[in-house]
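J.: Take this structure first; my questions come after.
Read-outs: derived from the displayed coordinates by stated rules, not from any lab. Here the structure is a predicted model, which is why all the values come from computation and not from measurement. With ideal geometry, Cβ positions are generated from the backbone for all residues, glycine too; neighbour counts draw on all protein chains shown.
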Amino acid sequence: MATITVLTAENAKIEEIELNDSVFNAPIKEYAVHQVVCSQLASRRKGTSSTRGRSEVSGGGKKPWRQKGTGNARVGTNRSPLWRGGGVVFGPKPRDYSFSVPKKMRKVAMRSVLTSKLQEAKLLVVDQLEFEKPNTKRMVSILKNLVGNSMNVAIALGNWTETAWLSGRNIPGVRVMHAENLNVYEALRYDYLIVDKAGLSIIEGALTQ
């Protein structure tokens, strides 16, 4: 069974805890991870780009010149895509880029990412992260104790507080979130994942149901 050391904010070892093998020792399914990340990124696209077709641009109505006898090519409207100021052929229109993936695949992908983080020693479990008031300097000090100078960290807290979030929101490369909001893309985006014990229980509970 997989185990991990619980640390304090000062990087002192407290205890060894056992992890759920179905979550943290699962087969790594790269295809599922790819599909879920693509789905999440597609859902973030606004899809608001738009162009005007020949029925939407101004002009038209009168035929520019008669059909025959002028020596020019025949043309029926100045809204033709061939003309300057004419409509756009097959241009983009507002659309929804999102697509869904099965719930089971999302869980498989999340288990794969967590297993990979654990194998690479980039998953850290802390006893708790508590702040009486917002303190960015203390958050930077804690992160340096835990991961060194690599400020590319996602922090998923079960005991989420606004003070902890405020302490980390202005640090470049650091994301503080509730453990319930941890997803595949956010876990992959950052080099290190720090979870408190309460957050670990939430993540295991969500992925073992």
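J.: Less than 18 Å apart at the alpha-carbon level, and either on another chain or at least 8 residues along: which aspartates and glutamates does that give for Lys93?
T.: Qualifying aspartates and glutamates at Cα under 18 Å: Glu56.
J.: Using 0.36 nm per residue, how much length does the chain from Ser150 to Asp127 gain when fully extended, once their Cα-Cα distance is taken away?
T.: This chain segment gains 6.2 nm when fully extended.
J.: Here is a follow-up. Which of Tyr185, Tyr31 has the fewest other C-beta atoms within 10 Å, and how do the rest follow up to the most?
T.: Tyr31, Tyr185
J.: Please state, as a whole number in µm²/s, the translational diffusion coefficient that the Stokes-Einstein equation yields for the stretch 79-209 at 4 °C and 1.567 mPa s, with Rh defined as the Kirkwood radius across alpha carbon pairs.
T.: Answer from the Stokes-Einstein relation: 76 µm²/s.
J.: Distance between Cα centroids, the stretch 85-137 to the stretch 12-58: provide it in whole Å.
T.: Result: 5 Å between the Cα centres.
J.: Excluding same-chain residues fewer than 8 positions from Lys197, which lysines have a Cα within less than 24 Å of its Cα?
T.: Within the straight-line cut-off, Lys197 pairs with Lys13, Lys107, Lys117, Lys122, Lys133, Lys137, Lys144.
J.: Most exposed first by the Cβ proxy, i.e. fewest other Cβ within 10 Å, how do Val88, Val147 rank?
T.: The most exposed by this proxy come first: Val88, Val147.
J.: Let me ask something else about it. Which longest uninterrupted range of the chain lacks any GluC sites (Glu not before Pro) assigned by DSSP to a loop state (not H, G, I, E or B) and surrounded by at most 13 other Cβ atoms within 10 Å?
T.: By the stated rule (loop sites, at most 13 other Cβ atoms within 10 Å), 133-209.
J.: If I fit a long axis through the Cα atoms of helix 30-44 and take the longest principal axis of the Cα atoms of the chain, what angle between them do I get, 0 to 90°, rounded to 10?
T.: 60
J.: To continue, here is another question. Ranking Leu123, Leu41 by Cβ neighbours within 10 Å, fewest first, what do you get?
T.: Ordered from fewest to most neighbouring Cβ atoms within 10 Å, Leu123, Leu41 come out as Leu41, Leu123.
J.: For the chain, give me the percentage of DSSP beta bridges that are antiparallel, rounded to the nearest 5 percent.
T.: If I count the DSSP bridges inside the chain, around 25 percent turn out antiparallel.
J.: With a cap of 11 neighbouring Cβ atoms within 10 Å, and only residues DSSP puts in a loop, list the trypsin sites (Lys or Arg not before Pro) found in the stretch 1-66.
T.: Lys46, Lys62, Arg66
J.: For the Cα atoms of the chain, what angle does the longest principal axis make with the long axis of helix 197-207, in degrees from 0 to 90, nearest 10?
T.: 50
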